[in-house]
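Undergrad: Could you have a look at this structure, given as structure tokens, before my questions?
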Amino acid sequence: MSISATLVKELREKTNAGMMDCKKALEATSGDFNAAVEWLRVKGLGAAAKKADRIAAEGTVFAQVVGNTGIVVEINSETDFVARNDGFRALVADVAEHLVKTTATGDVLEHAYSKDPSKKLADLFTEATATIGEKIVLRRSEKYTAAANTLIHTYIHGEGKIGVLIEVAASKPEAVANPALKTFAQDVSLHIAAMNPMAISSDQIPAEVVSKEKEILTAKNLESGKKPEMIEKIVEGQIRKFLAENCLMDQAFVKNPDMKVSDLAKTVGKEIGADVTIKRFVRYELGAGIEKKSNDFAAEVAAQMKGH
């Protein structure tokens, strides 16, 4: 029986066990997912399995630049209390150091750990989950390496709540060393953290996002009683506004709303004597998109008091 890669991935996400162990578990149980979870637990490979149904939406976003390489990583725990734990912070530092150093590609968790190649990076999370007593997961990571004419910069906002990784370029390589370019990268990173743009420019926003927005706006205008023959023109204007609000270069610069980010790039370009462009960026917001369980703490305490 052939086991699908998707099933292996799902099992690993649920149990935190290694990829090959998950594959073995599914083969041994003929693809029965729940039986495979039990198989891993019996073998002692799913130490994290008991904690797997918990939601890890706290933790930290960490970013750093070492030499010409920058990384941003989100590591989740179940509570913000654990995110302040020394063991958790040490894990974050170890993972960040590995990501900066490694030349391995593909699934990050399957990398041989740079400090101890007998381990996979996934093993660090299994161990941390067992030691700390909470589900600890590497949710996502990104790595940029600078070219001759680019600068990599990172920014962390609110003690690990938001992280930004950016690559900015100058048309003349010698202009990269100009402190004004670093200031520009910092200012734009701060802007990205605050304004959460979807893309650098409108041509990078996926066509399906724009058509979905058109659909919603058309329905809204019809609902509000606008004349059908006028709607197309109204929606066109609204889409222009939507793109301007969501594209980095068209957004009003957060530190000076009288200018756009594109104007700031031109101003800095004049100052350093080279064309300045933003090549790429990534913005991680802690726990974004993870469904959190809302615990009613007062009700919990009351229930405990009744039990005594």
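The values are calculated or read from the model by the stated rules, or taken from the named source; none is laboratory data. Quick caveat, the model's predicted, so the values are computed rather than measured. Note that we place each Cβ from the backbone using ideal geometry, even for glycine, and neighbour counts take in every protein chain shown. Ligands, DNA and RNA are stripped out before the accessible areas are found, and what is left, the full protein with its side chains, is counted by its heavy atoms. Shrake-Rupley method; radii C 1.70, N 1.55, O 1.52, S 1.80 Å.
Undergrad: Please report, as a whole percent, how much of the solvent-accessible surface of region 207-249 comes from carbon and sulfur atoms (probe radius 1.4 Å).
TA: 57
Undergrad: Between Ala28 and Thr105, what length comes free when the chain is fully extended (0.36 nm per residue of separation minus the Cα-Cα distance, one decimal in nm)?
TA: Fully extending the segment from Ala28 to Thr105 adds 24.8 nm.
Undergrad: Sticking with this structure for a sec: Leaving ligands, DNA and RNA out of it, rank Glu208, Glu236 by accessible area with a 1.4 Å probe, largest first.
TA: Ranked list, largest accessible area first: Glu208, Glu236.
Undergrad: Under the 0.36 nm per residue contour assumption, what length would be gained going from the current alpha-carbon distance of Lys266 and Met195 to full extension?
TA: Net length gain for the segment: 23.6 nm.
Undergrad: Expressed as cubic angstrom per residue, what is the convex hull volume of the alpha carbon set of region 140-229?
TA: Per residue, the Cα convex hull of region 140-229 comes to 173 Å³.
Undergrad: Give the value in nm², to one decimal: projected area of the alpha carbon convex hull of the chain, averaged over all directions.
TA: Computed as one quarter of the Cα hull surface, the answer is 23.4 nm².
Undergrad: How far is helix 297-306 tilted off the main Cα axis of the chain, in degrees rounded to 10, range 0 to 90?
TA: 20
Undergrad: Is there a pair in Lys220/Lys241; Lys143/Lys266; Lys226/Lys260; Lys101/Lys161 whose C-alpha atoms are over 21 Å apart, and which pairs would that be?
TA: Violating the 21 Å limit, Cα to Cα: Lys143/Lys266; Lys226/Lys260; Lys101/Lys161.
Undergrad: Shifting gears a bit: Quickly rank 280-286, 91-97 as a protection proxy: mean count of other C-beta atoms within 10 Å, highest first.
TA: The densest-packed peptide leads the list: 280-286, 91-97.
Undergrad: Moving on to the next point. Just to check, using Stokes-Einstein with a Kirkwood Rh over alpha carbon pairs, what's the diffusion coefficient of region 96-193 at 25 °C and 0.890 mPa s in µm²/s?
TA: The estimated diffusion coefficient comes to 155 µm²/s.
Undergrad: Taking only protein heavy atoms and a 1.4 Å probe, what accessible area per residue, in Å², does region 160-204 have with all protein chains in place?
TA: With all protein chains present, region 160-204 gives 40 Å² per residue.
Undergrad: With axes computed from alpha carbons, what is the tilt in degrees of helix 86-101 against the longest principal axis of the chain, rounded to the nearest 10 within 0 to 90?
TA: Result, in degrees: 60.
Undergrad: Which angle from 0 to 90°, rounded to the nearest 10, does the C-alpha axis of helix 5-15 make with the longest principal axis of the chain?
TA: 70
Undergrad: I've got another one for you. Treat each spin label as a single point 7 Å out from the Cα along the C-beta direction, and report the Ala148 to Glu10 distance in nm.
TA: That separation, rounded to one decimal, is 5.0 nm.
Undergrad: Report the calculated FRET efficiency for Ala180 and Ala207 (r = Cβ-Cβ distance, R0 = 35 Å), to the nearest 0.05.
TA: The value I calculate is 0.45.
Undergrad: How high is the FRET efficiency between Asp275 and Asn68 when r is their beta carbon distance and R₀ equals 25 Å, given to the nearest 0.05?
TA: It comes to 0.75.
Undergrad: Go ahead and estimate [θ] at 222 nm for the chain from helices alone: -39,500 (n - 2.57) per DSSP H run with n ≥ 4, summed, over the residue count, rounded to 500.
TA: So the helix-based figure for the chain works out to -14000 deg cm²/dmol.
Undergrad: ³J(HN,Hα) across region 105-122 via Karplus (A = 6.51, B = -1.76, C = 1.60, θ = phi - 60°), whole Hz, x for Gly/Pro?
TA: Values per residue, Gly and Pro as x: 10, x, 4, 4, 5, 8, 4, 5, 5, 4, 7, 8, x, 6, 10, 9, 4, 4 Hz.
Undergrad: Place the peptides 116-126, 102-112, 74-84 in order of packing, highest mean first, counting for every residue the other Cβ atoms within 10 Å and averaging per peptide.
TA: Result, highest mean first: 74-84, 116-126, 102-112.
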